[in-house]
1. Could you check region 269-289 and list, in sequence order, the residues that are open to solvent by less than 20 Å² (accessible area, probe 1.4 Å) and touching a Leu at 6+ places or on another chain (Cβ under 8 Å)?
2. Which ones in region 296-332 are farther than 17 Å from P122 by Cα and either touching a His at 6+ places or on another chain (Cβ under 9 Å) or of a type in the set (G, A, S) (or both)?
3. Could you list, in sequence order, all residues of region 206-217 that are surrounded by fewer than 19 Cβ atoms within 10 Å (Cβ to Cβ) and basic (K, R)?
4. I'd like the residue in region 201-242 that is among the β-branched types (V, I, T) and out of contact with any strand residue (DSSP E or B) (no Cβ under 7 Å at 6 or more places or on another chain) and, out of all such residues, is farthest from H107 (Cα to Cα).
5. So how many residues does region 16-36 have that are under 21 Å from V143 (Cβ atoms), open to solvent by less than 70 Å² (accessible area, probe 1.4 Å) and out of contact with any Leu (no Cβ under 6 Å at 6 or more places or on another chain)?
6. If I ask for residues that are of a type outside the set (G, A, S), open to solvent by 10 Å² or more (accessible area, probe 1.4 Å), closer than 22 Å to V17 by Cβ and part of a loop (DSSP other than H, G, I, E, B), which ones from region 67-88 would you list?
7. Within the set of pairs 6+ apart or on separate chains, which have a first residue in region 290-314 that is farther than 21 Å from T331 by Cα, a second that is outside any loop (DSSP other than H, G, I, E, B) and open to solvent by less than 60 Å² (accessible area, probe 1.4 Å), and C-beta atoms under 6 Å apart?
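The values are calculated or read from the model by the stated rules, or taken from the named source; none is laboratory data. Note that the coordinates shown come from a computational prediction; the quantities given were computed from them, not determined experimentally. Note that we place each Cβ from the backbone using ideal geometry, even for glycine, and neighbour counts take in every protein chain shown. To get the accessible areas, we keep the full protein, side chains included, count just its heavy atoms, and leave off ligands, DNA and RNA. Shrake-Rupley method; radii C 1.70, N 1.55, O 1.52, S 1.80 Å.
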Amino acid sequence: MKLASLKGGRDGRLVVVSDDLAWYADAALIAPTLQAALDNWADASPRLVALATDLNHGVIPRERFHERDAASPLPRAYQWADGSAYVNHVALVRQARGAEMPDSFWHDPLMYQGGSDGFLAPRDPIPLADEAWGCDMEAEVVVVTGDVPQGIAAEEARDHILLVGLTNDVSLRNLIPGELAKGFGFFQSKPASAMSPVFVTPDVLGDRWDGAKLHGALHVDLNGQPLGRADAGVDMTFDFGQLIAHAAKTRSLVAGTIIGSGTVSNRDGDGGPGRPVAEGGVGYSCLAEVRTIETIREGAAKTPFLRHGDTVRIWMEDARHHPIFGVIEQTVGPA
């Protein structure tokens with residue numbers, strides 16, 4: 001089933017959305033918000049599935065679903081932990097800087113705890129007070145967990161994945177070096193992210209979901225031109241079971257925890273850095289990687305970061321070329 005939150009109040013209003021994203025049915029009699037449903041998933045899930053079945057068969061009252069009316073499915077969450085599962089992305093960035101790649105990066109996931117007190121809606125503008133901050137998009141896959149016990153193994157952690165979606169993890173690249181130099185991680189350089197209009201249960205994804213990874217091209221357009229078509233299931237060093245287990249090593253995770261994959265990144269067919277879509281490659285899911293490869297190939301980055309008026313689109317298609325999770329479409333504007 002597909003779930004969304006219509007705008008209204010801090011936590012939105014939970015609705016079930018049809019498979020084709022055309023219709024919705026109000027789910028208030030089951031749970032007023034998505035977080036309420038996640039808190040009581042064993043009871044709420046089968047009732048939501050039944051509602052979704054009736055909606056898809058057109059046998060209950062329904063309303064047109066418009067993605068511009070949707071908040072992020074979880075407008076705020078108890079926890080947002082973003083990993084860096086595509087180590088290819090990290091390796092390229094360090095190569096461009098001439099920095100050594102620690103071997104531990106291939107065995108122990110990188111992860112930071114992001115701000116989850118408020119996510120942007122999927123069609124909200126990206127507020128940018130200063131273009132000099134180096135605003136970037138990062139197209140990623142996310143999962144939402146139920147309650148996860150501390151110390152869980154990766155294999156068992158996969159069973160705690162309840163929902164799958166996409167995110168635009170906004171980054172302010174030019175603020176990152178100064179923050180990391182303090183040795184205390186990201187804060188100002190990681191403003192609010194946006195989530196896809198709908199999150200879906202893994203069964204909806206069919207063969208695209210193998211229990212731990214989402215397979216298929218992640219589409220990223222910038223100003224109407226293809227930027228990225230990287231396959232989310234390729235070159236993912238750490239699957240979501242491993243990322244959840246990493247996050248839960250020393251603490252339990254509560255229902256509604258969002259775990260991010262990090263920027264989806266593929267190497268080229270010959271094992272080298274990826275090529276632009278226009279050159280027959282699968283492109284890139286963020287501008288930092290574009291700039292990194294320009295630095296490696298040409299000695300300097302030439303592609304600018306996002307500026308006011310730039311528009312980003314992020315989505316993934318099913319076999320019929322319809323968006324699975326809806327479309328994140330955001331234009332950069334002044335704060």
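1. Within region 269-289, G283, Y284, S285, L287, E289 qualify.
2. If the condition is that a residue be farther than 17 Å from P122 by Cα and either touching a His at 6+ places or on another chain (Cβ under 9 Å) or of a type in the set (G, A, S) (or both), then G299, A300, A301, A319 are the ones that fit.
3. R208, the sole residue that qualifies.
4. V234
5. 4
6. Result: P75, R76.
7. These pairs meet every condition: T292/L92; T292/V93; T292/A96; T295/A96; I296/A96; A301/E294; A301/T295; K302/E294.
Let's see how each residue does on (1) without any contact (Cβ under 8 Å) to a residue 24 or more places away in the chain; (2) closer than 16 Å to F240 by Cα; (3) among the hydroxyl-bearing types (S, T, Y):
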| position | (1), (2), (3) |
| --- | --- |
| A91 | yes, no, no |
| Q95 | no, no, no |
| H107 | yes, yes, no |
| G114 | no, no, no |
| A132 | no, no, no |
